[in-house]
Amino acid sequence: MTTRTSTSAAYTAEPNPTFKLRHLLDRSSVVQLAIGIAAMVVATIVPHIFGISYWIGIVNLAIIYIVASVFMSLLLVDAGQVSFGHGAVFGAAAYAVGIACGMHGLPFPVGVLCGIVAALFIGILFALPALRVQWFYLGFVTLSAAMVFPQMLFAFNEYTKGISGISIPLAWMSEDLPIGISTLSLLVLILGIAALITSAVFPKTTLGRRMRVAAASPEAAQSLGISPGKMRFLAFIIASFGTGLAGVLYPPTVGFVSPNAFHLDMSILFFFAVIVGGKGQPLGTMAGITLLYLVPNVFLAQLVEYRALVYGIVAFVVMLLMPSGVVGGIVRWINLRQKPQTMPALQFSQIVDNVKPVERVKDENAIELVDVRKTFGSVVAINNVTLNVRRGEIHGLVGANGSGKTSLLNVLNGFTRIDGGTARINGKEITGLNARQVAKLGVGRTFQTPRIFEQLGAWDNVQIGLDAKLSDNPTLVSPAFVGNLRDMLSRLRTESIPHGQRRLLEVIRVILTDADILLLDEPAAGLSPDERIAFAALLRDLRDKLGLTIVFVEHDLDLVARVADRVTVLESGSVVASGDVASVWNDPKVKPLFVTVRHA
Amino acid sequence: MWQEYAIILVRGIGLGSVYALMAMSFNIVKVSSGILNFAQGNMLVLGGMIAYAATAYFGALSPVIWFLVMIASALIIGVVVTIQGYLTLLPLSHSEDQQSWLITTMAVSIIIGAVLLLAQGPNALMVRSIFPNIPLFGMRVPAPFLLAIGLAIFWYFALQLFMSKTLVGLAISALWQDPVAARAAGLKVRRLQLLAFGISGLVVGSTGFVAAPIITLASDSAVAYVLNGFVAVVIGGVASNTGALIAGPLVGVVAMLATFKIGGEFQGLFSMLMLVAILLIRPQGIFGDTAARRV
């Protein structure tokens, strides 16, 4: 990256170094976390004070199920992976402890190790099809695995004792410690609290944000240098590790493992708990397990035969009344009662405040295309396009719908492999590179439909740009601007960002990645005339002060005329004209196209 | 030796026809609304329960009564599934969260299973076929296997005709192509989706009744039919009834082979391996659409 070394930093301090809890967790998460931890502690301690062993066991089991559901939620909500087979991961861990400690008399820590290895093994088995298929296809693969799991425990009865099950000689774990609760309860409580904190904090970590981007839009993830496959794989590993930790505590809690305990029903319970409780809410899994496990099994214990019926009806009714789950529904209700949020207009003039203009070598090409060709079947999307974009220029791509503008951007950022010709970016041949590798060359891109994700917080949508930063140098963008933006967005919900502003946030996200070539697909669509003027000024500032090269697709020819240094006109995949605005504008081949475009 | 394979083949195709019918029933709901109705397995079992109840009430059915009760069974399950569809679609119209159907259809399946367990305990019900065994290739094949094959062929042609020749059927296909455009063109989307649920109910209702003697009628047997039906959908390609008609018997024969040659407890494992294999090799299925564009 020869060009970037010349970009000396204008600032040495990181933007907004002061840590604020609000930046990590919103108020709703903090409140939910506090309630959840308090409830777990009270529920664990009170039965110990009164010495009711039945309740001690019930609470421990409920917390274990909550932990498993938390990691189910990480898989489903954060990574977007549908698994109906999470119970098999849990069951494998529990059975490994059973076989190690119950059948072979090994100490519990060894059993824990075996359990985690077993859980990771099943998790990796699930992750492999996930690399290839998604959504309910994956759901069914995992569902069938969950169905087969107990059948295999029966089938290999010489290793598992089959139907008779294994009893677990770990009674010492249930004896009270000097602090008043048992070793087992202490372990369960610590794990439960850790899981709750994980569920609240994980979405705010770099990895959590990346997973959500990869789940919401694999192509946006790739354009930010994130590998969606790697994210999925990691999600399965983390989820099975956490579920494994929960699973190994099951045998000492129940004292017994048998195949019937790990039926499909258990997987469905974990899945239901996440959705019925409220997707993405820290307290969600707790509410889900309380409603779906504690209510039918404990509070209606005398009606044992109606357990499944109550369970089904509770899930059904909750989804009919609160499609976003119990906690999700309550949070929505509270949000609705607050006055609607309006987003203040972004002040772009600040973005390059106090930035020393960057000197970049002007006389080189940032993008060189020679005879580039791309066909889809018999359709020629790009027909022998030869095009140069100089470093530090704003280059407009215009043409009618279907003329190949977006296809050309797709070639430039590596989404589409070309069939012929050569394409060089920052001096590197990109034929054969994928979108992630091209992104690492310093290419950032925005999309025709803005990729602002409601699965992420408002600020997180910008932060993913900083996460994808290409160099260690502090960002060239004014830290004051970044700090103000962070403060403003931290108070906003993503849903309340208007459409036009979403495009601009996406542009800011890409600028923050340090990309020195920006590919913008219709960035000004949906902006008001005033916003367009401000946006044009922003593009000029990015060119003049940050030295960026910008290629943008735009239908607003006035905007193009106002900011572009050069323009390329496309028609049916071919270049009709290319050059400075005035000469292209007066080109006899272009004039009729412009007229039709403007009156279309 | 070859006779054993002939038995496996005929029974496999017969049972596979039930999977094919499950797949077609999945398809029409999926096409209209994108929903995969998990409760459909228990709807199949309910259809079989109607056959059991009819035999208990009327004694041995005469062929005419049998035929009339089959139609009644199709209609009853059709109405039940329509009501279920109405409830499933209800939260989808006012919530931006479009995945509640995953829970609601599974929950209905759990509720039906729980009611069946309360009503008749954990044992499977047996329904005897009123038709004599039919001699074929020198062996005697229980009639329901052949009836199931016939029913699959009947519903295949009926659905193909409906989907390609009637305006309503074409409108349902349009929902699959582009739901937003279909709505903009003035189609009554919700009504078409309910109709699709109803038709899927007719298919499983008649299937459950006809195949009652050869399927397991128990409170917990539904999942296996959902799963095998889904495997048929995947192998045949989502939304392709032609694919379903071919893939169903294929799944059935492999399941039969596994049961006869290795043991019944490995049948589930083989269904799963088939599913994984097809998804890894050709995720769009044999007759499915190719992948859609990304940007």
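None of A:ALA458, A:ALA439, A:ALA480 is small (Gly, Ala, Ser), in a loop (DSSP other than H, G, I, E, B), away from chain B (no Cβ under 14 Å) and closer than 24 Å to A:VAL352 by Cα except A:ALA458.
From the list A:LEU187, A:LEU170, the lone residue that is hydrophobic (A, V, I, L, M, F, W, C), touching a Cys at 6+ places or on another chain (Cβ under 7 Å) and touching a residue at least 24 places away in the same chain (Cβ under 8 Å) is A:LEU170. Annotation note: Cβ proximity below 7 Å between a residue of the stretch B:197-217 that is under 15 Å from B:LEU146 (Cβ atoms) and a residue that is modelled with pLDDT under 95 and among the acidic types (Asp, Glu) (sequence gap 6+ or interchain) occurs for no pair. Scanning the stretch A:124-147 for residues that are in contact (Cβ under 8 Å) with a residue 60 or more places away in the chain and in a helix (DSSP H, G or I) yields A:ILE124, A:PHE126, A:ALA127, A:ALA130, A:THR142, A:LEU143, A:ALA145, A:ALA146, A:MET147. Of all residues in the stretch B:176-218, those that are more than 19 Å from the chain's Cα centre (by Cα) and either surrounded by 23 or more Cβ atoms within 10 Å (Cβ to Cβ) or more than 21 Å from B:PHE157 (Cα to Cα) (or both) total 15.
Please verify whether the stretch B:85-94 includes one or more residues that are β-branched (Val, Ile, Thr) and within 22 Å of the chain's Cα centre (by Cα). Yes; the residues of the stretch B:85-94 include at least one that is β-branched (Val, Ile, Thr) and within 22 Å of the chain's Cα centre (by Cα). Just the residues that are of a type in the set (Gly, Ala, Ser) and under 23 Å from A:MET147 (Cβ atoms), please, taken from the stretch A:243-275. Scanning the stretch A:243-275 gives A:GLY244, A:ALA246, A:GLY247, A:SER258, A:ALA261, A:SER267, A:ALA273. The single condition among (1) surrounded by fewer than 20 Cβ atoms within 10 Å (Cβ to Cβ); (2) in a helix (DSSP H, G or I) that A:PRO169 does not satisfy is (2). The set of residues from the stretch A:207-237 being among the hydrophobic types (A, V, I, L, M, F, W, C), in contact (Cβ under 8 Å) with a residue 60 or more places away in the chain, buried (at least 22 other Cβ atoms within 10 Å of the Cβ) and assigned to a helix (DSSP H, G or I) comprises A:MET211, A:VAL213, A:ALA214, A:ALA215, A:ALA220, A:MET231, A:ALA235, A:PHE236. Hey, can you tell me all the residues within the stretch A:246-268 that are crowded, with 24+ Cβ neighbours inside 10 Å and under 28 Å from the mean Cα position of the chain (by Cα)? Correct list: A:ALA246, A:GLY247, A:SER267, A:ILE268. Within the stretch B:158-190, the set of residues being in contact (Cβ under 8 Å) with a residue 60 or more places away in the chain and among the acidic types (Asp, Glu) is empty. Per the conditions (1) modelled with pLDDT of 90 or more; (2) in contact with a Phe, Trp or Tyr (Cβ under 7 Å, 6 or more places away or on another chain), the sole criterion not satisfied by A:LEU61 is (2).
From the list A:SER496, A:SER490, the lone residue that is surrounded by fewer than 23 Cβ atoms within 10 Å (Cβ to Cβ), in contact with a His (Cβ under 9 Å, 6 or more places away or on another chain) and closer than 20 Å to A:THR342 by Cα is A:SER490.
Residues in the stretch B:131-148 that are surrounded by fewer than 21 Cβ atoms within 10 Å (Cβ to Cβ) and touching a Ser or Thr at 6+ places or on another chain (Cβ under 8 Å): B:PRO142, B:ALA143.
Of the residues contained in the stretch B:88-99, one or more are found to be loosely packed, with under 13 Cβ neighbours inside 10 Å, acidic (Asp, Glu) and within 14 Å of chain A (Cβ to nearest Cβ). Among the residues of the stretch B:140-170, the one identified as assigned to a helix (DSSP H, G or I), β-branched (Val, Ile, Thr) and more than 16 Å from the chain's Cα centre (by Cα) is B:VAL168. As a summary of the residue check, A:LEU538 satisfies the conditions (1) in contact with a helix residue (DSSP H, G or I) (Cβ under 8 Å, 6 or more places away or on another chain); (2) hydrophobic (A, V, I, L, M, F, W, C); (3) under 27 Å from A:LYS374 (Cα atoms) except for the one numbered (3). Hey, does the stretch B:258-281 have a residue that's more than 14 Å from every other protein chain (Cβ to nearest Cβ) and modelled with pLDDT of 85 or more? Within the stretch B:258-281, none of the residues are more than 14 Å from every other protein chain (Cβ to nearest Cβ) and modelled with pLDDT of 85 or more.
In the stretch B:171-250, counting only helices (runs of 4 or more DSSP H) that sit wholly within it, the ones holding 1 or more residues that are within 14 Å of chain A (Cβ to nearest Cβ) and among the aromatic types (Phe, Trp, Tyr) span B:222-236. Scanning the stretch A:254-269 for residues that are farther than 23 Å from B:LEU102 by Cα and either of a type in the set (Phe, Trp, Tyr) or touching a strand residue (DSSP E or B) at 6+ places or on another chain (Cβ under 6 Å) (or both) gives A:PHE256, A:VAL257. Quick check, is A:GLY420 farther than 30 Å from A:SER378 by Cα and in contact with an Asp or Glu (Cβ under 9 Å, 6 or more places away or on another chain)? So A:GLY420 does not fit the description; no. A residue that is more than 21 Å from B:LEU195 (Cβ to Cβ), part of a loop (DSSP other than H, G, I, E, B) and either within 14 Å of chain A (Cβ to nearest Cβ) or among the small types (Gly, Ala, Ser) (or both) occurs nowhere in the stretch B:101-119.
The values are calculated or read from the model by the stated rules, or taken from the named source; none is laboratory data. Everything numeric here is computed off the predicted structure, so don't read it as measured data. So basically every Cβ, Gly included, is an ideal-geometry build from the backbone, and we count neighbours across all protein chains shown.
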